[in-house]
Number of protein chains: 2
Amino acid sequence: MTTVDRLPKQDRSRATRQRLLEAAVACLAERGWAGSTVAVVAERAGVSRGAAQHHFPTREDLFTAAVEYVAEERSQALRALFPEGAQGADRRAVVAALVDLYTGPLFRAALHLWVAASNEEQLGPRVTELEARVGRETHRIAVDLLAADETRPGVRETVQGLLDMARGLGLANLLTDDRTRRDRVVTQWADLLDAALGQDPS
Amino acid sequence: MTTVDRLPKQDRSRATRQRLLEAAVACLAERGWAGSTVAVVAERAGVSRGAAQHHFPTREDLFTAAVEYVAEERSQALRALFPEGAQGADRRAVVAALVDLYTGPLFRAALHLWVAASNEEQLGPRVTELEARVGRETHRIAVDLLAADETRPGVRETVQGLLDMARGLGLANLLTDDRTRRDRVVTQWADLLDAALGQDPS
């Protein structure tokens, strides 16, 4: 018996679901949309294809749920990095952490889903809606942790541009390890941001 | 007889090549890497498959050449927009034009190629090399048109971050028309950039 088998039925179902979601993100990051099917993910998660289809009736269900699940995990982890919120955080560290959101397997997976959605009718509206939701949440976190006062003119757009830059840095990291250059850009833009947002909260 | 048939042989060959390159970029932008084969592009360009393979022996040859060709066209068009260089340009207009590089069919095509290259061994090194080359050229143009003095500390990273932001804005435009938000971000960051780069050249 595996650990999962010993759990009560409801917990077992939740654990299976979670294994599928994590396998789906890993699969998408490594093999792209074309190589990512429910069958491949089920095998990777050690779950029967029937069980996978019980949780996620369609391929689109599985992969959009997977990207959303991991995005939520990452949002929580980001907030947990700065438990005191803007009070305890210096802006360079916050900018670096925001940029980190876009350099791991989640971003690779999301990017594959995003690009596939631009050509696939069944995926398009769902991914658009998902990205809008994840984007709003990331913006909220950024505003909180940067102690950005969005009632001041231009502050909202300053934060948006920062997150666009973070996404662009993620893209630049797709084919090569861009860490050295990225660190320098982060340092410089954190300074620009500090000047733009006014008083550093730390 | 078509117009192409009336040209001398060398010009005809050049015209065929150009038709193939333009068809390849359009195909990549609309159908993604999975839907883009030499046969599909040849048909779209009205060229025989044999002629297409004479110009581009492999699928990788065709699509990397296509993205490079269109990137060069766009670089030239960007310089042509500001014929007097940094002297005649206001920075808001330059930032907007740089961001525009990443919102059209070329960026969509390049993005598909980029994402495919992250999972395909045959494509990876070639696209990496191509992106580095195109990226350096875009950086050079940006530095020129912004009259950015890279001998000053932080200026190089400021310009790099701006181009990362432009790429991120392109990504945000992939699934939805993001123009309204983008214009506001461009206006705001053009102001921040102006302050960071010092004296406006215009």
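Here are the numbers:
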read-out: Charge dipole of the protein assembly as shown about the Cα centre (unit charges at C-beta), most positive-ward option of B:ALA93, A:THR180, B:ALA51; value: B:ALA51
read-out: Relative contact order of the stretch B:103-170, defined on C-alpha pairs under 8 angstrom at six or more residues apart (%); value: 27 percent
read-out: Per-pair calculated FRET efficiency, R0 = 22 Å: A:GLN18 and A:VAL40 via Cβ, rounded to 0.05; value: 0.80
read-out: GNM top mover of A:PHE63, A:PHE82, A:PHE107 - chain A, alpha-carbon springs below 10 Å; value: A:PHE82
read-out: For A:ARG133, label point 7 Å along C-beta direction: distances to other copies, nm; value: 4.3
read-out: Size of electric dipole in the stretch B:75-122: Cβ of Lys, Arg +1 and of Asp, Glu -1, about Cα centre, debye, nearest 20; value: 200 debye
read-out: Cα-based Rg of the stretch A:1-88 normalised by 2.2 N^0.38 Å, two decimals; value: 1.26
read-out: Nearest-first distances (nm) between copies at A:GLN10, label 7 Å from Cα via Cβ; value: 8.0
read-out: Theoretical ellipticity at 222 nm over the protein assembly as shown - DSSP helices of four or more residues, -39500 (n - 2.57) apiece, nearest 500; value: -23500 deg cm²/dmol
read-out: Other protein chain Cβ atoms within 10 Å, averaged over every residue that makes up B:181-187; value: 4
read-out: Neighbour net charge for B:GLN122 - beta-carbon separation under 14 angstrom, K R +1, D E -1; value: -3
read-out: Only Lys, Arg (+1) and Asp, Glu (-1) charged, at Cβ; the stretch B:59-197 dipole about Cα centre in debye; value: 280 debye
read-out: Net charge, A:ARG17 excluded, C-beta distance under 13 Å - Lys, Arg +1, Asp, Glu -1; value: 0
read-out: Furthest towards positive pole of dipole, B:PRO125, B:LEU111, B:LEU78, structure part the stretch B:1-132, Cβ charges; value: B:LEU78
read-out: Calculated FRET value between B:GLN10 and A:THR176, using beta carbons and R₀ = 35 Å, to 0.05; value: 0.40
read-out: Separation of alpha-carbon centers, the stretch A:120-164 and the stretch A:60-110, rounded to whole Å; value: 12 Å
read-out: Simple label model, 7 Å out from Cα along Cβ direction - B:ALA77 to B:ARG31, nm; value: 2.3 nm
read-out: Inter-chain shielding of A:133-146 (mean C-beta neighbours from other protein chains, 10 Å cut-off); value: 0
read-out: 7 Å along Cα→Cβ, label-point gaps from B:SER75 to other copies, nm, shortest first; value: 4.1
read-out: Relative contact order (percent, whole number), chain A, Cα cutoff 8 Å, 6+ residue spacing; value: 25 percent
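Every number here is computed from the coordinates shown, using simple stated rules; none is lab data. Keep in mind that this is a model prediction, so the values were computed, not measured. Note that we place each Cβ from the backbone using ideal geometry, even for glycine, and neighbour counts take in every protein chain shown.
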